[in-house]
Every structure is written in C-alpha cells, then in structure tokens.
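Novice: Handing you this structure, nothing more for now.
The values are calculated or read from the model by the stated rules, or taken from the named source; none is laboratory data. This one's a predicted model, so the numbers in the text were calculated from it and none came from an experiment. Because the Cβ atoms are built from the backbone with ideal geometry, glycine has one as well, and the counts that use them run over all protein chains shown.
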Amino acid sequence: MTVIRARILGFCPGVRRAVRIAEDAAGRAPVRVLGQIVHNRHVSDRLASLGAIEAGRDEILAAPRGTGVVIRSHGAAPDVYDAMRGAGLSVIDATCPKVATNQKKAADASRAGRRVVVAGDKGHGETQAVAAWAPGSVIVSCAAEARELILDGPVTLVAQTTFSEGEYAAIRDALAASGRDLEDLGGICSATRDRQAALRELCDHVDAVVVVGGRNSANTRRLAELARALGKPAWHIESADELPLELAAYGRVGLSAGASTPDEDIVAVEDRLAAMHGNRGGA
Ligand code: SF4
C-alpha cells in the first residue's frame, strides 16, 4: 500500500492560532475555555493537561473573578462577552479573524436595517454566534429553507466559514429568485476550499480515502462526503485505532484531515497505514 497525503490538510490558520492562544494563556495561569476549542477530543485532552479546561457558560461564570476565559475560534455572541466581563472574568479572545469579520459585517448590515440570513448549520457555534451579532437574523441550512422564508425589505446573506460552497450558491439563488434587494457577503473561508480542492486532486491518484477528524467536525464530515461523491470509498475516523482492515485491499490510500485535526493525529494515522503495508508518498 502507498499512502498519499493531500497537499493541504489538518489545522487551518484560525484553529492553529486559537490553540496556541489557549496554550500560551494556560502557561501563565490555569484558564477556562468556553466550549470545545475545536471539534477534536484529543486537542481538548491535551489542553486540559496544560491547564486550559473546557467548560460551559454557567460553570465559567461561577469561576473566581480574574480567571481567564478563552473564546474559541468559532467566536461567541455579544451577550457572552458581557456576561463574562460582568462576572469579573478576563476574556482572552481567540475568535478567528475571518469569523470576526463575518460577525462585524453581519452586525453592520443589521444596524443598517437589512435582514441578515446566515447560511450554515443551525447547531454550529460559529453560525449561532454570527446570527447573535445581527439581531433579527435567521439561519438557513439549505435552499429549500431559503425558499420558504418570508422576508420583507433588503436582505444580506453571509456564510458560516466552513459551509459548503455549492449549498451556499443554491441558497443565494433561492433568495435572489424573488427579485429582492440581496447583498451577498460570502464569507466561506479559503481554508475549507483549499482542503476540498486538495482532496479533489488527491482523489485522481488514489483508490480509497481516509479522512481524520472529530465526528462532530462539520468540515471533516464534508471532506469524507466529497471523497464519496467523487466515487472513492472513504472512511472518516478520529484516531489510528479506528482504521478498518478493508483498507489493506487498496493499493493507494489517500489521507486528508479536517481543519480541526492536529498534526499528531494525522501522523499517527499515516504511520499506522504505512505500517500496514509499506510506502508513503505525496500528492
Ligand atoms: S476555517 Fe477559516 S475561518 Fe474557520 S477558523 Fe479556520 S481559518 Fe478561521
């Protein structure tokens, strides 16, 4: 078996930055992290061992005054900042700058009297936070939902940074079909596009694909779905010990990983695959 890595895979710049901010903060004093810093339990466990403990909002608000609270790369709603500061906590903001830009643009549009539509996964923390910065906004996950919206006045559309480009375009077309005043802010991050493009290239050279990343990581799930859509058998695994034995039947196995997957998880899977049968390569 030959193992071929996608040209771009794993941690995106925003996640790498957030993890580094949490590590640096924990190096000075124990801190809390609001929610899961990235959708990867290995990263959570490692940060906890360094003193950056993930916790829910209520638990954090009960922490001693002065405790540092890291806001993850997904960002948070404005009332979260108010509550943390009101409780005397020290906010350490690791919101990805690209997410912060989407929040600001959504807030500006809302202030200008436009109805903001956020295209994204309804349960995703980033999407909920962007929506919270734009009072009166609505989240839609597919074109069918967009078609059912009853909206008066001008509309501004903004994306969850990791949303599917195809679904975003379908939502935009559905909103534009009614002839309304539609402002298209976009907002999908190139990190997602880059990983998807690298996976497309990879699929031209392999017989099967392994995608490494947390099960609750939307962008990781989409990479596995993309590989299957391109006709490749694909497995989404969290760690090397989940590698299926069927992989031994494939001569060339491609390796990709979501934007929340740390380097050490990728290397562990790569090593286990190589140990199955042999060589490594690069796409
Ligand atoms: S995917 Fe892009 S926007 Fe989202 S955290 Fe990573 S770099 Fe930031």
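Residues checked against (1) in the same structural domain as Glu126 (by TED's automatic domain parsing); (2) assigned to a helix (DSSP H, G or I); (3) not hydroxyl-bearing (Ser, Thr, Tyr):
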site	(1), (2), (3)
Gly166	yes, yes, yes
Glu201	no, yes, yes
His205	no, no, yes
Arg215	no, no, yes
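Novice: Out of the residues in region 187-203 meeting the condition of being of a type outside the set (D, E, K, R) and within 12 Å of the ligand (Cβ to nearest atom), tell me which one is surrounded by the fewest Cβ atoms within 10 Å (Cβ to Cβ).
Specialist: Ranking the qualifying residues of region 187-203, first place goes to Ser190.
Novice: Please go through region 103-140 and give me each residue that is of a type in the set (S, T, N, Q) and closer than 19 Å to Ile37 by Cα, ordered by number.
Specialist: Gln103, Thr127, Gln128
Novice: Which of the residues spanning region 83-111 are assigned to a helix (DSSP H, G or I) and either in contact with a Phe, Trp or Tyr (Cβ under 6 Å, 6 or more places away or on another chain) or under 14 Å from Arg65 (Cα atoms) (or both)?
Specialist: Ala83, Met84, Arg85, Gly86, Gln103, Ala106, Ala107
Novice: If you take the residues of region 10-51 that are touching an Asp or Glu at 6+ places or on another chain (Cβ under 9 Å), of a type in the set (A, V, I, L, M) and at pLDDT below 95, which of them is farthest from the ligand (Cβ to nearest atom)?
Specialist: Val43
Novice: Scan region 29-42 and tell me whether some residue there is in contact with a Pro (Cβ under 8 Å, 6 or more places away or on another chain) and either surrounded by fewer than 22 Cβ atoms within 10 Å (Cβ to Cβ) or in the same structural domain as Glu264 (by TED's automatic domain parsing) (or both).
Specialist: yes
Novice: Please verify whether region 219-232 includes one or more residues that are within 21 Å of Arg41 (Cα to Cα), out of contact with any Leu (no Cβ under 9 Å at 6 or more places or on another chain), part of a loop (DSSP other than H, G, I, E, B) and not assigned by TED's automatic domain parsing to the domain that holds Gly35.
Specialist: No, every residue in region 219-232 fails to be within 21 Å of Arg41 (Cα to Cα), out of contact with any Leu (no Cβ under 9 Å at 6 or more places or on another chain), part of a loop (DSSP other than H, G, I, E, B) and not assigned by TED's automatic domain parsing to the domain that holds Gly35.
Novice: Return the residue satisfying two criteria in turn: it lies in region 112-133 and is crowded, with 23+ Cβ neighbours inside 10 Å, among the small types (Gly, Ala, Ser) and assigned to a helix (DSSP H, G or I), and of such residues it is farthest from the chain's Cα centre (by Cα).
Specialist: Among residues in region 112-133 that are crowded, with 23+ Cβ neighbours inside 10 Å, among the small types (Gly, Ala, Ser) and assigned to a helix (DSSP H, G or I), the one farthest from the chain's Cα centre (by Cα) is Ala131.
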